[in-house]
1. For a Förster distance of 35 Å, can you work out the FRET efficiency between the beta-carbons of residue 367 and residue 310, rounded to the nearest 0.05?
2. Where does the chain land at 222 nm, in deg cm²/dmol rounded to the nearest 500, when only DSSP H runs of n ≥ 4 count, each adding -39500 (n - 2.57), divided by all residues?
3. Given all pairs of different Cα atoms, what value in angstroms does the Kirkwood hydrodynamic radius of the range 599-659 take?
4. Roughly speaking, what is the stretch gain from residue 381 to residue 14, that is 0.36 nm per residue apart minus the C-alpha to C-alpha distance, in nm to one decimal?
5. Counting other beta carbons within 10 Å of each residue's own, what order do 708, 233, 510 fall into, fewest first?
6. So if I average 1/r over every pair of distinct C-alpha atoms in the range 444-518 and take the inverse, what Kirkwood radius in Å does that give?
7. Which log10 I(q)/I(0) values, to two decimals, does the range 301-347 give at q = 0.18, 0.19, 0.29 Å⁻¹ under the Debye formula with one point per Cα?
8. Hey, quick one: spin label on residue 663, modelled 7 Å out along Cα-Cβ, who in the range 605-637 has an amide N within reach, i.e. under 17 Å?
């Protein structure tokens, strides 16, 4: 690594005192929180300049990685069309353009939207006769560095679209309504809404959410299209700061669904979409510790809940249910299975679940002759050792086929129609990977690491077949481990740039995630949070001890709560990793969770604990928060990346972390640099355009590759 004579930014010290539960902490870098301060912006820009200068020698490698991703991607492409209300809906991408366009063509007489029959013969780059471009993301993004859609809904009569845009990255959206035939913008009165928008059946009203000062969606409003936003009506408000909300619609369009939930408790309200001026009805009043989801299924409700079993069960209830006492069991919990959700169709129900650390689908046919109204279930079977499967775009309630999406670490994403009657699959689309990709060149398998308490922790592993466990290969291990979120085995075009350079790539399915059921989540949260970190270290140790990765050639990556994981393992096992990439990292967790005015904080108390009011939680969090536990020893090379407008993990967290790392650790700053890169117009997910995202990913990969001597 060449020496670059560029002075690293040094953040000044400004005394800031934090005092809780008799503990007085002086934080010299808290002043970096104010992004309206020109001195803060100047410091961030200096960090970007330093990061670029220290990695300028990697530009050829970054360019090669970008070119590899681009060359393997079919840039002009289209999605699988989905039939809905007389139209085929799909999206298109175009070579050289950052964003997709949403399109449709008429479903002509004789076509049916199922089992692949009658689908329009669409080709990438060919405009079909009668195509309507509903929304071109490239046109909407023109003049903006960032663009994101928060809603895209066609009105029931098919004449209008409601969509919501964010051009800052702060996840506050502006709601717009456009006439499809004329392209005219007919309503832009509503701004600063949350994700999602739902039409009433008459197409005259839209329902949306608003956020409070801490970015929590806490209200549902009704807007009459074409009127002044000042006349909008508050439909529902959630005063409890632990609870967030979201809105959606049932597959048969009969209901507006308002879902309210904390980390431990949920409540669902239904509003008749044909009577938009009515008040919503609570399906079952909330009970502390009980979570449930509701799926309207024509003449009844299907409910997935955990009132009796930690891993949830399936129940049904009358369509007008108002209490949990009206629920009757439809499928009880099975040991080793975690029920995730249910989707209702006219003749079938489809249950999503987890088993053996993997996703699964179960089809349950309706049977009017059965007491329950449903027949025996049938589980879909797949023949790869690792995979991820789920339902795709299934907008029609009346259908005899289910769109199924399957992928693995070696198999690109495939979309098929599963015939409910025959059980046969019809392939609709396989993700193209250009440049001669052959799945047979790669091998995926499951490894198990032994945690400190003896628990077996699953690892998903992929490498080229010509890579052997001889203790010489470079490796990248990825982890998350929070919120019961699962990082399932998935296919990545960009990952090929690692694998083809001899890397072993691993996903550590650590506790705090939900890969192995609810208990897997519970044993990696609150007072058990450090289990997540020690599980990850055990997985890293296993990769080395089993010979898959060389002792000094292992790098680690994680983002958001996974960034907290990266900061924690850097403190706990700095000698295990050569380099760490922490993306939008939650590394100053204690400071954030102590401040109820910040986004996420109060709802997060059921994930991390409440250190503001409980001294034991404060002590526990202070014991593992990365920012407060940096030691004066040699650390891995560190790359922290974030975005200025991120509202989930404020940029100040990695800014402070990097400043403290630089003045504390003893590692060689040339051989193991500490770098901070911030996008000045972006949000939690980084850059929004696909080419920009590839550029960003290539930058990050090149840094990690360079640290283990791979070019």
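Every number here is computed from the coordinates shown, using simple stated rules; none is lab data. Please read all numbers here as calculations on a predicted model, not as lab measurements. Cβ sites come from the backbone with ideal geometry, for glycine too, and all protein chains shown count toward neighbours.
1. That pair, residue 367 with residue 310, gives E of 0.75.
2. Details: 12 runs with 127 residues, N = 711.
Taken over the chain, the calculation gives -5500 deg cm²/dmol.
3. Here the Kirkwood hydrodynamic radius works out to 13.6 Å.
4. Details: separation 367, 0.36 × 367 = 132.12 nm, distance 6.01 nm.
Full-extension gain reported as 126.1 nm.
5. So the residues, fewest neighbours to most, are 233, 708, 510.
6. Computed over the range 444-518, the radius equals 13.3 Å.
7. -0.53, -0.59, -1.12
8. Backbone N within reach: 627-633.
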